[in-house]
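The values are calculated or read from the model by the stated rules, or taken from the named source; none is laboratory data. Predicted model, so just to flag it, every value in this text is computed and none were measured. We place every Cβ from the backbone using ideal geometry, glycine too, and count neighbours over all the protein chains shown. Accessible surface areas use protein heavy atoms only, side chains included; no ligands, DNA or RNA. Shrake-Rupley method; radii C 1.70, N 1.55, O 1.52, S 1.80 Å.
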Amino acid sequence: MAKTESRNLSIKMGEDQAFGVSSAAVPQGGSKCFDDDGRLKRTGTIWTASAHIITAVIGSGVLSLAWATAQLGWVAGPAVMFLFSMVTYYTSILLSACYRSGDPVSGKRNYTYMDAVQANLGGLNVKLCGLVQYLNLFGVAIGYTIASAISMMAIKRSNCFHASGGKDPCQINSNPYMIAFGIIEIIFSQIPDFDQLWWLSIVAAVMSFTYSTIGLGLGIAQVAGNGKVRGSLTGISVGTVTQTQKVWRSFQALGDIAFAYSYSIILIEIQDTLRSPPSEAKTMKKATLVSVSVTTLFYMLCGCAGYAAFGDLSPGNLLTGFGFYNPYWLLDIANAAIVIHLVGAYQVYCQPLFAFFEKYASEKFPDSKFITKEIEIPIPGFRPYRLNLFRLVGRTVFVIVTTVISMLLPFFNDVVGLLGALGFWPLTVYFPVEMYIAQKKIPKWSSKWLCLQILSVACLIISIAAAAGSVAGVVLDLKTYKPFSTSF
């Protein structure tokens with residue numbers, strides 16, 4: 001689900017846009033029309049904030065939860081999901097306290113995650129935060145390309161099975177689908193402010209709930225059809241996999257679950273939609289409790305229903321595990337919803353990267369016509385399209401690079417686990433903890449400081465283990481994988 005300045009408007013779904021009025025002209029506490037920073041009066045409530053968080057959280061990460069539960073078993077699987085939810089809830093509360101610098105009611109607002117890091121920590125931490133964010137966004141683009149190709153292949157294969165009555169094995173190569181997805185993204189990447197279209201969040205919400213709910217429903221139906229609940233208390237059994245694989249897969253499962261909960265980076269921007277009084281931090285605390293409770297319940301249902309349906313054979317992508325013959329039309333709807341969701345989500349996640357590099361290039365080479373010149377192309381009935389050659393070339397190259405990497409490493413589960421591992425500790429735990437310590441001026445070596453540091457170190461260890469498991473999974477897959485020839 002990245003999330004810096006250019007994502008702000010898409011998350012707010014059209015709310016609270018800057019009006020261009022100087023905050024100096026607005027009295028402290030705001031007026032009837034404007035808040036204390038000169039922006040239009042924010043109207044968000046606990047319910048709108050909860051809706052934004054739930055929309056952002058429930059996405060493609062839910063597809064791997066059945067596999068993750070299968071690696072950990074009926075005891076550890078739900079327990080780990082619950083622990084991740086508790087950590088995410090707690091660190092989100094810490095983060096919400098950093099929305100304003102200084103006074104929690106009237107202090108200076110931080111509009112984005114990066115603004116909060118700059119205000120509270122500054123220096124090297126800002127550069128480190130930016131590096132982690134942009135690497136995470138780059139990785140998400142690769143993960144979304146893989147996930148979309150898998151879903152498009154699943155639609156093609158289910159229709160092939162249906163047409164042949166199950167006689168044709170319908171082996172399909174993934175490369176044409178990744179290339180097709182890349183071409184679509186190249187086109188969409190040239191649409192100005194694509195991530196700020198007001199309807200984009202609504203479409204994303206509808207699509208993500210569609211495929212998640214279908215996956216949950218089919219899992220429950222599969223359990224009913226089996227007549228029993230599959231799985232064991234300790235997860236996938238040694239014999240189905242080796243002892244070493246069992247360990248690495250368990251670690252990788254941690255990364256998959258972490259990826260499903262990696263949304264702290266957008267909380268500041270969602271908090272910036274809230275009206276006050278009461279203080280934004282108080283409202284955000286309640287909204288976080290509601291949204292984390294709802295998403296955790298949904299994750300538990302999806303993960304457990306999938307594991308109960310397939311046991312040790314739980315697929316890395318839940319919607320590829322139900323077969324392709326019946327109910328093929330329902331699976332087609334679910335997989336089409338995934339593709340539609342990810343086509344837009346890819347752009348939402350990549351726009352901050354595009355904006356960063358384009359701004360850097362224009363500041364570095366202000367006299368370069370290739371970078372700064374815009375060519376107006378008339379479009380009958382519409383405003384002229386402003387074509388920038390640097391934007392055209394740069395964004396096209398970016399999409400090509402992510403597509404080629406996806407074709408080289410088309411391992412959805414391993415990539416999701418690695419993304420979760422790399423993003424969870426720094427963005428969900430480390431920076432919120434350190435910002436909170438700086439904001440509240442918590443004395444070093446005090447009991448509260450020690451507890452916060454222990455939490456951070458524990459999550460770091462978990463993230464390292466998850467990253468190691470995901471890398472081991474990639475290495476294992478590469479032993480039997482021939483580049484550019486993936487099919488299923």
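Quick notes on this structure:
- Phe324, sole failed condition from (1) more than 15 Å from Ala149 (Cα to Cα); (2) out of contact with any Lys or Arg (no Cβ under 6 Å at 6 or more places or on another chain); (3) at pLDDT below 85: (2)
- Checking each residue in the stretch 206-243 for being open to solvent by less than 70 Å² (accessible area, probe 1.4 Å), over 20 Å from Met300 (Cβ atoms) and either in contact with a His (Cβ under 9 Å, 6 or more places away or on another chain) or aromatic (Phe, Trp, Tyr) (or both) picks out only Met207.
- Residues located in the stretch 188-202, provided they are modelled with pLDDT of 70 or more, assigned to a helix (DSSP H, G or I), open to solvent by 50 Å² or more (accessible area, probe 1.4 Å) and farther than 22 Å from Val397 by Cα: Ile202
- Out of Ser470, Ser456, Ser406, sole residue that is within 16 Å of Met178 (Cβ to Cβ) and of a type in the set (Gly, Ala, Ser): Ser406
- Listed by first and then second residue, the pairs linking a residue in the stretch 334-361 that is closer than 19 Å to Leu387 by Cβ to a residue that is part of a helix (DSSP H, G or I) and of a type in the set (Asp, Glu), with Cβ atoms under 6 Å apart and 6 or more places separating them unless they lie on different chains, are Gln347/Asp195; Gln351/Asp195.
- Test: residue in the stretch 114-127 that is in contact with a strand residue (DSSP E or B) (Cβ under 6 Å, 6 or more places away or on another chain) and surrounded by fewer than 24 Cβ atoms within 10 Å (Cβ to Cβ): yes
- Some residue of the stretch 208-225 being under 18 Å from Ala421 (Cα atoms) and among the aromatic types (Phe, Trp, Tyr): no
- Restricted to helices (runs of 4 or more DSSP H) entirely inside the stretch 1-105, those with at least 1 residues that are at pLDDT 50 or above are 46-57, 65-96.
- Filtered residues of the stretch 313-372 (kept if outside any helix (DSSP H, G or I) and either surrounded by fewer than 18 Cβ atoms within 10 Å (Cβ to Cβ) or over 21 Å from the mean Cα position of the chain (by Cα) (or both)): Ser314, Gly321, Phe322, Gly323, Phe324, Tyr325, Asn326, Pro327, Phe365, Pro366, Asp367, Ser368
- Test: residue in the stretch 129-141 that is of a type in the set (Val, Ile, Thr), out of contact with any Pro (no Cβ under 9 Å at 6 or more places or on another chain) and at pLDDT 85 or above: no
- Against the numbered list (1) open to solvent by less than 80 Å² (accessible area, probe 1.4 Å); (2) within 23 Å of the chain's Cα centre (by Cα); (3) not small (Gly, Ala, Ser), Leu450 comes up short only at (2).
- Matching residues in the stretch 131-156 - criterion: being under 30 Å from Cys170 (Cβ atoms) and either open to solvent by less than 10 Å² (accessible area, probe 1.4 Å) or not in a helix (DSSP H, G or I) (or both): Val140, Ala141, Gly143, Tyr144, Thr145, Ile146, Ala147, Ser148, Ala149, Ser151, Met153, Ala154
- Once the stretch 267-294 is narrowed to residues that are out of contact with any Gly (no Cβ under 7 Å at 6 or more places or on another chain) and part of a loop (DSSP other than H, G, I, E, B), the residue that is surrounded by the fewest Cβ atoms within 10 Å (Cβ to Cβ) is Pro277.
- Residue check, Thr403 surrounded by fewer than 16 Cβ atoms within 10 Å (Cβ to Cβ), of a type in the set (Val, Ile, Thr) and modelled with pLDDT of 80 or more: no
- Applying a threshold of 8 Å to beta carbon distances and a minimum spacing of six or more residues, or different chains, the list of pairs starting in the stretch 209-238 at a residue that is under 26 Å from Val57 (Cα atoms) and ending at one that is assigned to a loop (DSSP other than H, G, I, E, B) and open to solvent by less than 20 Å² (accessible area, probe 1.4 Å) reads Phe209/Ile58; Ser212/Ile58.
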